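K.L.:
One structure, as structure tokens, below. Some questions next.
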Amino acid sequence: MGSIARRPLMVANWKMHGTFFEAMQWVQALSYQLDPADYDRVDVGVAPSFTSLRSVQTVIQMDDLPIHIVAQNVHWANKGAYTGEVSARMLAKLAVSYVIVGHSERRRDFGEDDRMVNRKARAALSEGVTPIVAVGETLEQREGGRAEQTVGRQVSGSLARMPSDQVGRLVVAYEPVWAIGTGRHARPAVAQEMISYIRSRIRSKHGDAADQVRIIYGGSINPGNVAALMAKRDIDGGLIGGASLDPGTLAACVRYWT
Ligand code: PGA
């Protein structure tokens with residue numbers, strides 16, 4: 001159990017910040033601060049808005065940067081009459097390697113439920129794009145003693161009808177809603193406890209795939225708390241929002257061991 005070394009993954013979630021021009025500058029500024037040795041240790045990803053994906057891809061290709069392109073959302077259908085939506089096939093053609101599905105802001109503001117998240121995740125997988133499936137409880141659910149129950153249900157629903165070999169390739173992001181954008185991160189022991197619970201839940205259905213799936217933490221990560229979070233046995237990386245908007249701060253989070 002736990003014998004497989006999982007590669008850490010650090011992803012900048014830029015949300016609805018930055019024009020394409022700023023996103024290009026941020027990627028370049030990040031790359032100036034990272035060395036080949038950093039990329040050897042961790043997978044680094046940036047999630048710009050849809051309008052910036054193409055420009056970010058150009059910078060990454062031109063400068064031959066080992067930075068992964070991450071999208072913030074995807075539609076479940078391959079194509080069709082879905083005005084305003086973007087398909088996994090469109091993302092794959094832009095060399096997008098990961099896509100965040102089910103972020104709590106989308107669950108809260110755009111009515112995404114586990115069934116939609118599941119369809120999105122499976123659409124991404126079918127195009128070779130790795131879903132980062134976001135789950136997490138609200139403060140009310142935690143204070144009501146329903147944190148595990150809530151997250152457990154989100155995990156089961158979001159990963160439904162996925163074969164175990166696909167589950168092993170996934171990323172799950174545990175992002176307690178009360179920690180997102182609040183400056184109040186989960187204590188490392190609290191994050192570890194929930195992430196270990198998520199892994200055990202995946203193990204009960206998918207066996208050894210639970211040792212491969214990367215489960216990352218998100219919620220008010222900053223250079224001051226990142227090392228303690230990443231030191232926990234089951235925490236395989238981070239999804240970084242506010243602190244990722246400054247390339248220097250983002251680089252400090254990515255190089256959490258220094
Ligand atoms: P935060 O956002 O780091 O600003 O809390 C994290 C996220 O929402 O992914």
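Here, each number is a calculation from the coordinates, and none is a lab measurement. No experiment lies behind these values; they were computed from the predicted model shown. Quick reminder, even Gly has a Cβ in these numbers, built from the backbone with ideal geometry, and neighbours come from all protein chains shown.
K.L.:
Near Ala210, within a Cβ-to-Cβ distance under 9 Å, what is the net charge of the other residues, with Lys and Arg +1 and Asp and Glu -1?
P.N.:
+2
K.L.:
Based on DSSP H runs of at least 4 residues, each adding -39500 (n - 2.57), what is the mean residue ellipticity at 222 nm of the chain after dividing by all its residues, to the nearest 500 deg cm²/dmol?
P.N.:
So the helix-based figure for the chain works out to -13000 deg cm²/dmol.
K.L.:
Between Gly218 and residues 5 or more places away or on another chain, which pairs have amide H atoms under 5 Å apart, with H built 1.01 Å from N, and which residues are they?
P.N.:
So Gly218 has HN proximity to Tyr174, Glu175, Leu239.
K.L.:
Between Gln61 and Gln33, what FRET efficiency comes out of the Förster formula 1/(1 + (r/R0)^6) with R0 = 25 Å and r the beta carbon distance, rounded to 0.05?
P.N.:
Result of the calculation: an efficiency of 0.80.
K.L.:
Using label points projected 7 Å from each Cα along Cα→Cβ, tell me how many nm separate Asn78 and Thr19, to one decimal.
P.N.:
Result: 3.8 nm between the two label points.
K.L.:
Further question: By how many nm would the segment from Thr51 to Ser200 lengthen if fully extended, with 0.36 nm per residue of separation less the alpha-carbon distance?
P.N.:
Gain on extension, Thr51 to Ser200, equals 49.8 nm.
K.L.:
Here's another thing I want to ask about it. Given a Förster distance of 51 Å, report the FRET efficiency between Lys93 and Thr258 from their Cβ-Cβ distance, rounded to the nearest 0.05.
P.N.:
Efficiency, rounded to the nearest 0.05: 0.90.
K.L.:
Report, ordered by chain and residue number, the lysines lying within cross-link reach of Lys232, taken as a straight Cα distance under 30 Å and ignoring same-chain residues fewer than 8 apart.
P.N.:
Of all the lysines, those that pass the test against Lys232 - Cα under 30 Å, at least 8 places apart if same chain - are Lys15, Lys120, Lys205.
K.L.:
Work out how much length Asp246 to Phe110 would gain on full extension: take 0.36 nm times their residue separation and subtract the Cα-Cα distance, in nm to one decimal.
P.N.:
Gain on extension, Asp246 to Phe110, equals 46.2 nm.
K.L.:
What's the whole-number percent of alpha carbon pairs in the chain lying beyond 23 angstrom?
P.N.:
That tail contains 47 percent of the Cα-Cα pairs.
K.L.:
Separate question: What is the magnitude of the charge dipole of the chain about its Cα centre, with +1 placed on the Cβ of each Lys and Arg, -1 on the Cβ of each Asp and Glu, and no other charges, expressed in debye to the nearest 20?
P.N.:
700 debye
K.L.:
For Lys79, which aspartates and glutamates qualify as cross-link partners when the Cα separation must be under 15 Å and same-chain residues fewer than eight apart are set aside?
P.N.:
Cross-link targets: Glu127.
K.L.:
Another question about this same structure. State the answer as a single residue: which of Asn13, Ala77, Gly224 lies farthest towards the positive end of the charge dipole of the chain, with beta carbon charges of +1 for Lys and Arg and -1 for Asp and Glu, about the Cα centre.
P.N.:
Ala77
K.L.:
Under a Cβ-Cβ cut-off of 10 Å, what is the net charge of the residues other than Asn78 that fall near it, where Lys and Arg count +1 and Asp and Glu count -1?
P.N.:
Result for the local shell: +1.
K.L.:
Here's another thing I want to ask about it. Residues with amide H under 5 Å of Val99's amide H, sequence separation 5 or more or different chain, H placed in the peptide plane at 1.01 Å from N; which?
P.N.:
Ala71, Thr130, Ile132
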